[in-house]
Amino acid sequence: MAEKDLTNRLTETLRSFQASTPGVLGAAVISSDGFAIASELPTSVEERRVAAMAAAMLALGEQTTSEFEHGRLERVFVEGTDGYTIIMSAGPEAVLSTVARKDAKMGLVFLQMERTAEAIRKAMA
């Protein structure tokens, strides 16, 4: 029962993030080993693939910042012609992945992602 409660709390956190951040199309909480814990993604997005890619991208980002001595990884940012994917750590066991439209205000998205990541850390503690 506790697992379902956690999933419900995380899903509600993602819904709140999406509702308060214009331009965000979806978000997911992903385990560090690449499995979806909770998500609010567009129906056209395959949750399992997003989860695996997000975990891999975060691991590569961490290796890159370490190799080039850039300090602690803040986020992985992927920009396409029609939108963005942003991935950041949400604690030792979770990753927050966000999909945003091209017209999203990225400063607001980053701010709200930080707040959401902190809420995820607390919920999973």
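The table for this structure:
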quantity: Proximal charge balance of Thr21 [Cβ under 10 Å; K/R count +1, D/E count -1]; calculated: +2
quantity: Whole-percent pair-distance distribution, where bins are 5 Å wide, for the alpha carbons of region 52-125; calculated: 3, 16, 25, 23, 21, 10, 2, 0
quantity: Under the span-like rule (Cα at least 18 Å along the axis, Kyte-Doolittle mean at least 0.0), DSSP H helices of the chain; calculated: 47-67, 106-124
quantity: Proximal lysines relative to Lys122, as straight alpha-carbon distance under 28 Å, when same-chain residues fewer than 8 apart are discounted; calculated: Lys4, Lys105
quantity: MRE, 222 nm, helices only [DSSP H, n ≥ 4, -39500 (n - 2.57), over the chain, to nearest 500]; calculated: -16000 deg cm²/dmol
quantity: Inter-site label distance for Asp5 and Ala56 at 7 Å from Cα along Cβ, in nm; calculated: 3.7 nm
quantity: The chain: most fluctuating residue of Glu69, Glu46, Glu79 per GNM, C-alpha cutoff 10 Å; calculated: Glu69
quantity: Two-decimal Rg/Rh across region 12-52, once Rg and the Kirkwood Rh are taken from alpha-carbon atoms; calculated: 0.98
quantity: Among Arg72, Arg49, Arg101, residue whose mean-square fluctuation peaks in a GNM of the chain (springs only between Cα atoms under 10 Å); calculated: Arg72
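We did not get these values from a lab; they are worked out from the coordinates using the rules stated. Everything numeric here is computed off the predicted structure, so don't read it as measured data. A quick note on method: Cβ atoms are made from the backbone with ideal geometry, for glycine too, and the neighbour counts reach across all protein chains shown.
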